[in-house]
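The values are calculated or read from the model by the stated rules, or taken from the named source; none is laboratory data. Small disclaimer: the values here were computed from a predicted structure and weren't measured. Glycine gets a Cβ as well: all are built from the backbone with ideal geometry, and neighbour counts include every protein chain shown. The area values use the complete protein model at the heavy-atom level, side chains included, leaving out ligands, DNA and RNA. Shrake-Rupley method; radii C 1.70, N 1.55, O 1.52, S 1.80 Å.
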Amino acid sequence: GIIDGRGGGIFDPDASITRQEAAKILSKTADVLGLARIEIYYDYADSSAAGTWALPFISDVYCLGVMQGVGDNKFDPRGTYTTEQSIITMLRLHRQMTV
């Protein structure tokens with residue numbers, strides 16, 4: 001239940017993903033790992049650009065300290081989730097597991 005695919009029966013494992021999609025995957029992974037949740041909604045300056053489905057996941061990874069914004073209080077929800085960002089978020093997720 002961590003990865004749902006693109007919808008319409010399409011999985012597309014070789015495609016790039018957006019930052020909001022990554023937030024969902026990271027949030028669901030944290031849930032499976034049993035990491036504590038902080039029920040706070042964090043509002044970025046560009047939160048209106050995110051899908052409504054993504055807002056709880058974006059807030060969740062922010063509150064867990066796993067995924068941050070891109071500067072100027074923006075999250076860039078539809079921006080591409082880069083390889084470098086994935087490495088940093090995996091390290092942060094691992095750190096949360098060892099705290």
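It is to be established whether one or more residues within region 41-61 are surrounded by fewer than 11 Cβ atoms within 10 Å (Cβ to Cβ), of a type in the set (A, V, I, L, M), free of Cβ contacts under 8 Å to residues at least 60 places away in the same chain and not in a loop (DSSP other than H, G, I, E, B). Write out each step before concluding.
So the first thing to find is which residues in region 41-61 are surrounded by fewer than 11 Cβ atoms within 10 Å (Cβ to Cβ), and the list is 48, 52-53.
From what is left, the residues that are of a type in the set (A, V, I, L, M) are none.
Within region 41-61, none of the residues are surrounded by fewer than 11 Cβ atoms within 10 Å (Cβ to Cβ), of a type in the set (A, V, I, L, M), free of Cβ contacts under 8 Å to residues at least 60 places away in the same chain and not in a loop (DSSP other than H, G, I, E, B).
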Discussion item. If I filter region 23-32 for residues that are in a loop (DSSP other than H, G, I, E, B) and more than 11 Å from the chain's Cα centre (by Cα), do I get at least one hit?
Written reply: no
Worksheet item: Which numbered condition trips up Ala36, out of (1) modelled with pLDDT of 90 or more; (2) open to solvent by 40 Å² or more (accessible area, probe 1.4 Å); (3) assigned to a loop (DSSP other than H, G, I, E, B)?
Response: (1)
Discussion item. Residue under question is Ile10, and the condition is that it be surrounded by 10 or more Cβ atoms within 10 Å (Cβ to Cβ), among the β-branched types (Val, Ile, Thr) and either free of Cβ contacts under 8 Å to residues at least 40 places away in the same chain or in contact with a strand residue (DSSP E or B) (Cβ under 6 Å, 6 or more places away or on another chain) (or both); does it hold?
Written reply: no
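Take the residues of region 62-95 that are in contact (Cβ under 8 Å) with a residue 60 or more places away in the chain and open to solvent by 30 Å² or more (accessible area, probe 1.4 Å): which is farthest from Asp43 (Cα to Cα)?
Going through region 62-95, the residues in contact (Cβ under 8 Å) with a residue 60 or more places away in the chain turn out to be 78-81, 85-86, 89, 93.
With the extra rule that they be open to solvent by 30 Å² or more (accessible area, probe 1.4 Å), the set shrinks to 78, 80-81, 85-86.
Working: Arg78: 16, Thr80: 20, Tyr81: 19, Gln85: 20, Ser86: 22 Å.
Residue satisfying both the conditions and the ranking: Ser86.
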